[in-house]
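Let me begin by presenting the structure, written as structure tokens, before commenting on it.
What follows is calculated from the coordinates using simple rules that are stated; it is not laboratory data. Keep in mind that this is a model prediction, so the values were computed, not measured. Glycine also receives a Cβ, built like all others from the backbone with ideal geometry; neighbour counts cover every protein chain displayed.
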Amino acid sequence: MNCLRCKTKMIVLENNSIKIDVCFEGCGGIWFDWMELKKIDESHEADPEFIKKLSQCSNKKVNLSEKLNCPKCPKQPMIRRFSSIKRKAEIDECPQCGGFWLDAGELVAIHSEYQNETEKEAATKKYITDLFVTSPVVAEEHNQVKEELDKIDKFKNALRFICPSNYLPGKQKWGAF
Ligand SMILES: [Zn+2]
Ligand SMILES: [Zn+2]
């Protein structure tokens, strides 16, 4: 598979026997198939060797503002959003296949956000609850988010609604809160 950003041929690195595509000789971007990111998004799930290898990528400069299409789904644009309410990383997600694209450094940034999934979920739920109390402007999205939260497996999808960064152009400016 070629890199979505710099078109360099990506290599396969293993993290606890999961094969992950990395743009090692180019920009350091990483492609995760559906559910792969979930298996490595907490720091204790990452093999130190894998993280070390990532730090040795070429770090070729790329245009990070360029919109990406999913490499697996023809003509499907990826959705860009923050990895969590802490907003340390902007990640690209395919709404069709559930794949993720992370640019160089973003996995480490995600690891620095929360100790584990429980902590992250608790923080996100509190954030959403506070939001609905204080901001009537998001009421429109309320049911959509709540439905997502009810399905705990899809918890991360809820982040699309509460942490989008540049999708829904022309719609509500989420940066307001
Ligand atoms: Zn690349
Ligand atoms: Zn896709």
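Summary table
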{"item": "Proxy reagent accessibility, fewest Cβ within 10 Å first, across TYR114, TYR127", "result": "TYR127, TYR114"}
{"item": "Taking ILE11, ILE110 and counting other C-beta atoms within 10 Å, the order from fewest to most", "result": "ILE11, ILE110"}
{"item": "Extension reserve of the VAL12-LYS67 stretch, reckoned as 0.36 nm per residue once the Cα distance is removed", "result": "17.4 nm"}
{"item": "Gained length - TRP34 relative to LYS125, 0.36 nm times residue gap less alpha-carbon distance", "result": "30.4 nm"}
{"item": "Unit charges on C-beta of K, R, D, E only; dipole of the range 73-112, Debye", "result": "160"}
{"item": "Environment charge of THR8, counting only residues whose C-beta is closer than 10 Å and scoring Lys/Arg +1, Asp/Glu -1", "result": "+3"}
